[in-house]
Amino acid sequence: MTGAASRRYRMMTERVAFGIIRLLAGLVVITLGGIVLFLIYQGARAVNWSFLTEAPRDAMTKGGIFPAIIGTFYLTIGSSLIALPLGVASAIYLSEYAREGWLLKLIRLGIQNWAGVPSVVFGLYGLALFVVFLGFGVSILAGSLTLGFLILPTVIGASEEAFRQVPSTFREASLALGATKFQTICRVVLPSALPGVLTGSILGIGRAAGETAPIMFTAATFYTKHLPTSPLDQVMALPYHIYVLATSGTHIDQTRPLQYGTVLVLISLVLGINIFAIIIRTRMRRKKTW
Amino acid sequence: MTLTMGEGDVQMSTLSAGGNHASESTTRGVELKVQEGISKYFFLAAASTSLLVMALIMIFLFREGLAIFGKVNAVSFFFGKAWYPTYDPPEFGILALIVGSVSVTLFSSLVAIPLGVGTALYLSVLAGPTVREYVKAAVELLASLPSVVLGFLGMVVIAPTMQELLDIPTGLNIVSASIVLAIMAIPTITSISEDALYAVPRDNLEASYALGATRWETMSRILVPGALSGIGTAVILGMSRAMGETMVVLMVAGGAAQIPSSLFDSVRPMPASIAAEMGEAPFGGEHYHALFAIGIVLFLMTLVFNLVATYISTRFQQKGASTL
């Protein structure tokens, strides 16, 4: 009898505990779902063709967000142009050339911690180095460099991981066939690691598109009617536009629909980029034959 | 070693080629050798540039920030309760800002730890393969939501709701900022904890089942203890992320540079102060240097969090069943 009772008690404990765990996980999923659905619902009422293609009017209380879309586009492309080539090449050196040892360990530790540096610190760095010291001013160039270096550790980390997952037998086979090390890297290692490199890079780009703090003092401007004509121009950007409209306008409540619209455009862009990366990774996992 | 294999290959092809082909083959061999040398230095240069950038971050941060200590003494900077950078004379005491950061970080981790670890447990024990795929993707997407969007939601949804429900003077306070920060920290905690749970050897779990333990008993006494160091790492990294997050605290924490006496008081965490004031601080002035000095404090605090996380994860790494 007591055995059966204790058994019942134990099963009941299990049911309660698992119920709580399910509840916690459910809360997390519902939070994300709720956030996304709420933003789509609110944003859809503000987004239309002219919202996407026009400049703001009447002290930013009417009109669209075209300059901010263009600004974010330039900053994202600019930061990718900096972070991707530099990041992938660095990762190749670290995984294919550098000798294992304490120095490499230290470098890896550095890169890992670099990825954890708060984004506002990158903003300070960009301000001190690019805007002031190198004299780029508040500009697309300064902002792209700042964002590029912000995502660089992500790109290096993901790429190195992808390179290291390529079996060493692939390299040995290539070298045994008479290929040089460079040929092996270009034609064997890089293609095999490409999906992993791409996933990491795209996730980094998604992050760059949505960051606000690093561009506040390095690239973004409150309002400009003109589209940028040179890399040394200031730009409007989607994340900064949201911040400005929501906190420092004189008509905060009046512009609420514009704020929701801008948020919807930004999350469509960022989530779109991330879903793309997830799809690439899922496909790659299915196709992977080693 | 692989490099010498490459050179050997060039010599062999030179030897084996006869007659006219000899010179052609040699040229090709030299080309490859040059390519080989150049490419190595190209990759080395890229890696060095990356490391240089990393070093420059610290150099510029410290160069601009340490300048404040020529004018304000370190004790009154760190322990001064008054942050009035634009008064005449200005006061640069950042204690209230540090307390602000610490309070939102701690309170957000109280919210994020159960949710984050609970989700990880759900994923690793209870979820079926298909549900697992989708929940994991959802968590990952939660991680990618831009912080300004979450800050915006905190401002327009959470803060007003809280203000009305609880009838308090402002909804922009520690609790609402912490809730939003928790949403940001959950994905970090979940994905790293899940990896740690996954790394616990299956043998241990099966041994527990074989002794008649229920799934819950196995989970609570074998799985979680076995993954504890990984879960610890996850929590610390999540807290580090919350502490360094700027837009959320800038928009939702209320911005009052005071030492809070209740959870419903407004605070001004360090990143918020930097972001809000840098635009107005005259370049090269005391205020400018003070904000960089706050940047140093923030940098060092998150660095300590990250180093502790790395230390725990390497020190207590599970190396197969034998170490249990």
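The figures follow:
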| read-out | value |
| --- | --- |
| Intensity falloff of region A:62-150 expressed as log10 I(q)/I(0), Debye formula with alpha-carbon point scatterers, at q = 0.21 Å⁻¹ | -1.07 |
| 10 Å Cβ neighbours from other chains, averaged over peptide B:219-228 | 1 |
| Accessible surface of region B:51-202, 1.4 Å probe, proportion on carbon and sulfur as whole % | 68 percent |
| Per residue accessible area in Å² of region A:27-113, where ligands, DNA and RNA are left out and the probe is 1.4 Å | 51 Å² |
| Mean Cβ count within 10 Å, highest first, over the residues of peptides B:208-221, A:144-157 | A:144-157, B:208-221 |
| Interface area, B with A, accessible, probe 1.4 Å, both sides summed, Å² nearest 100 | 7000 Å² |
| Gyration tensor verdict on region A:5-114 (Cα atoms; rounded if a/c is under 1.5, prolate if a/b is larger than b/c, oblate otherwise) | oblate |
| For chain B, the spread of Cα positions along each principal axis, largest first, Å | 94, 68, 35 |
| Helix-only CD estimate at 222 nm, as mean residue ellipticity for the protein assembly as shown, using -39500 (n - 2.57) per DSSP H run (n ≥ 4) | -23000 deg cm²/dmol |
| Spatially proximal lysines relative to A:Lys225 (Cα-Cα < 28 Å; intrachain offsets below 8 disregarded) | A:Lys62 |
| Most mobile listed residue (B:Gly70, B:Gly29, B:Gly171) in chain B, GNM with C-alpha springs under 10 Å | B:Gly29 |
| Total formal charge among the other residues, if their Cβ is under 14 angstrom from that of A:Ser248, Lys/Arg +1 and Asp/Glu -1 | -3 |
| Other-chain or far-sequence residues with amide H under 5 Å of A:Ala237's (modelled H) | A:Thr221 |
| Whole-angstrom gap from region A:163-232 to region A:50-71, using each part's C-alpha centre | 32 Å |
| Gaussian network model of chain B, springs between alpha carbon atoms under 10 Å - residue of B:Glu133, B:Glu206, B:Glu36 with greatest fluctuation | B:Glu36 |
| GNM result for chain B, Cα springs below 10 Å: residue of B:Leu61, B:Leu165, B:Leu106 fluctuating most strongly | B:Leu165 |
| Residue-by-residue Karplus 3J(HN,Hα) for region A:166-174, coefficients 6.51, -1.76, 1.60, Hz, glycine and proline x | 6, x, 5, 4, 4, 5, 4, 4, 5 |
| Euclidean distance of C-alpha centroids, region A:2-34 and region B:173-249, integer Å | 17 Å |
| Cβ neighbours within 10 Å from other chains - mean over A:163-175 | 1 |
| Summed side-chain charge close to B:Ala253 - residues other than B:Ala253 whose Cβ falls under 14 Å, Lys, Arg +1, Asp, Glu -1 | -1 |
| Heavy-atom surface of chain B, accessible at 1.4 Å and reported per residue (Å²) | 46 Å² |
| Built amide H within the under 5 Å cut-off of B:Trp83, gap 5+ | B:Gly93 |
| Formal net charge of residues neighbouring B:Thr190 (Cβ-Cβ distance under 11 Å; K, R +1; D, E -1) | -2 |
| Peptide B:298-308, shielding by other chains (average Cβ, 10 Å cutoff) | 3 |
| Sequence ranges A:273-283, B:150-160, ranked by mean other-Cβ count within 10 angstrom, highest first | B:150-160, A:273-283 |
| Spatially proximal lysines relative to B:Lys71 (Cα-Cα < 20 Å; intrachain offsets below 8 disregarded) | B:Lys81 |
| Prolate/oblate/rounded call for the protein assembly as shown, Cα gyration tensor, a/c under 1.5 rounded | oblate |
| Stokes-Einstein diffusion coefficient of region A:49-287, Kirkwood radius over Cα pairs, 4 °C, 1.567 mPa s, in µm²/s | 67 µm²/s |
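The values are calculated or read from the model by the stated rules, or taken from the named source; none is laboratory data. None of the values given here were measured: they were computed from a predicted structure. Neighbour counts are summed over all protein chains in view; Cβ atoms, including those assigned to glycine, are modelled from backbone coordinates with ideal geometry. Accessible surface is based on the protein model in full, side chains and every heavy atom, while ligands, DNA and RNA are left aside. Shrake-Rupley method; radii C 1.70, N 1.55, O 1.52, S 1.80 Å.
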